[in-house]
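Comments concern the structure below.
The values are calculated or read from the model by the stated rules, or taken from the named source; none is laboratory data. Computed from a predicted model, the values in this text were never measured in an experiment. Glycine also receives a Cβ, built like all others from the backbone with ideal geometry; neighbour counts cover every protein chain displayed.
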Amino acid sequence: MDDRLISSGDLPLRRRSLLPGTGFFYPDSLDEGRSEERAKAAIDGAEAIVVTDSDADGLGCVALIREVYDAACDVDPFLDAVEARLADDDEDTEDAEDDALPESSVALLAAGPHSLVESLEYVAEYADSGVDVFVCDIAPDRYEPIAEPLTTIIRRSDRVSWYDHHQWPDEVFKSVVDSGVDLVVGDSDEECSTDVALRSLDYDFDERFTELAAVTRDHDLWLNEDPRSKDLADYAFWTKPEEYAAIVGAFGASLPEPVENYIAHRRVEKEQLIEMAVNRAAYKSVGPWTVGVTYGRCSQNEVADGLRDNGADAAVIVKPSGSASIRGSEDFEKAHLVARQVQGGGHPRAAGCKPDIYDDMMDYAYHWTTEGETTKRVILAAFRRVAEGYGSDDAAGDE
């Protein structure tokens, strides 16, 4: 296939907003092999391993853990890379490939709810005996899929700690604790995962890390009181995990000038994509709530803010990749209950999912050309089930 057909960099912005990034079209069979090789290379010889979500909160945990192990990366090559991207006017950073591994004795394995099992299996297979293992900013919906690799890791490791702040099903929490993991789950209304790591790690952190946790919390809990928190969130999304962890490890929440310039440059397009997504939205009455539903390659939090400003109690942002973000408000705190019905999970006011409805590329073609019609319909049906009282036992347990 001609590379130009899957590269969105040269497309008009509106068309680009309707399609996933280039990385989406990389086959899983090839990606899995490459992911395993990269994980194996990162784990090889490491004294500690961090399996974490790749957003600002999860990567903030990596910066803290590397500080504890005196394993921070040299920041200068990353700053050079930022300046080079800015000079090249590179708008597709999130799709770029970079095979270079930084020199750190603390390995970083970027994961998420759907790749957690795979990442734990890599650690179980390739980690040396006696390694310390941390899992950060991820909450499994079920214990059974992670039980086997986690048991192997616990048996071979000197320490297994898990720092999180999401909503955990009671039975999963109990099973992980009973397995022997040092599990610390913070109050999702008060702490982010970086906060949890900061107070749980036995280390006298410099003030910049305390500040990093506070600014990360400002974004992750949607407080929006510190303008730097939006910069952290955007930078984590636009760059590679290793670069973000190295930069905030060295500078904390006060990002250096080259990074600030890069963020400002990328933000011009970001604001245009947000406006497009807000303008596409439709508003549906579901039970007692108004649900704003839209589609696009965009920043979901800011789009959700726009939908709430237009009267929505809850927002659904369907992505070209097939996943969706569900955002709540003071009047809707059941986002995690909706997401659990469509292969997802999260917080009462913020959750994510990817409905299992894509059987072949024709389904994705329909998804792109109809701006996510089927996914929207499936998620709205989940809202209706929550409104009708289905899942009330889960709701009572969570609350």
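Restricting segment 265-318 to residues that are β-branched (Val, Ile, Thr) and out of contact with any strand residue (DSSP E or B) (no Cβ under 9 Å at 6 or more places or on another chain), which is nearest to Trp222 (Cα to Cα)? Among those that are β-branched (Val, Ile, Thr) and out of contact with any strand residue (DSSP E or B) (no Cβ under 9 Å at 6 or more places or on another chain), it is Ile274. List every residue pair whose Cβ atoms lie under 7 Å apart, where the two residues are 6 or more positions apart in sequence or sit on different chains, the first residue falls within segment 159-177 and is free of Cβ contacts under 8 Å to residues at least 12 places away in the same chain, and the second residue, located anywhere, is not acidic (Asp, Glu). Between residues of segment 159-177 that are free of Cβ contacts under 8 Å to residues at least 12 places away in the same chain and residues that are not acidic (Asp, Glu), the close pairs are Val177/Leu183.
Conditions (1) buried (at least 20 other Cβ atoms within 10 Å of the Cβ); (2) closer than 30 Å to Ala84 by Cα; (3) in contact (Cβ under 8 Å) with a residue 40 or more places away in the chain; (4) of a type in the set (A, V, I, L, M, F, W, C), marked per residue:
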| site | (1), (2), (3), (4) |
| --- | --- |
| Asp187 | no, no, no, no |
| Glu191 | yes, no, no, no |
| Asn224 | no, no, no, no |
| Ala245 | yes, yes, yes, yes |
| Val248 | yes, yes, yes, yes |
| Ala253 | yes, yes, yes, yes |
| Tyr283 | no, no, no, no |
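With respect to (1) within 19 Å of the chain's Cα centre (by Cα); (2) at pLDDT 95 or above; (3) farther than 26 Å from Asp195 by Cα, the lone exception for Asp95 is condition (2).
The residues of segment 251-276 that are under 16 Å from Ala56 (Cα atoms) and aliphatic (A, V, I, L, M), listed by number, are Ala253, Leu255, Val259, Ile263. Just so you know, in segment 226-243 the residues that are hydrophobic (A, V, I, L, M, F, W, C) and touching a Leu at 6+ places or on another chain (Cβ under 9 Å) include one that is surrounded by the most Cβ atoms within 10 Å (Cβ to Cβ), and it is Leu232.
The number of residues in segment 310-335 being out of contact with any helix residue (DSSP H, G or I) (no Cβ under 7 Å at 6 or more places or on another chain) and of a type outside the set (Gly, Ala, Ser) comes to 7. Scanning segment 143-182 for residues that are surrounded by 19 or more Cβ atoms within 10 Å (Cβ to Cβ), of a type in the set (A, V, I, L, M) and within 25 Å of Lys334 (Cβ to Cβ) yields one hit, Val176. Is segment 192-204 home to any residue that is touching a helix residue (DSSP H, G or I) at 6+ places or on another chain (Cβ under 6 Å) and either in a strand (DSSP E or B) or basic (Lys, Arg) (or both)? Within segment 192-204 (the criterion being touching a helix residue (DSSP H, G or I) at 6+ places or on another chain (Cβ under 6 Å) and either in a strand (DSSP E or B) or basic (Lys, Arg) (or both)), the answer is no, since none of the residues qualifies. Which members of segment 17-37 meet the condition of being at pLDDT 90 or above and closer than 30 Å to Asn279 by Cβ? Ser17, Leu18, Leu19, Pro20 - these are the residues of segment 17-37 that are at pLDDT 90 or above and closer than 30 Å to Asn279 by Cβ. Considering only residues in segment 209-239 that are among the basic types (Lys, Arg) and at pLDDT 95 or above, the one that is nearest to Arg66 (Cα to Cα) turns out to be Arg217. Looking across segment 32-48, the residues that are touching a residue at least 40 places away in the same chain (Cβ under 8 Å) and among the acidic types (Asp, Glu) come down to Glu32, Glu36, Asp44, Glu47.
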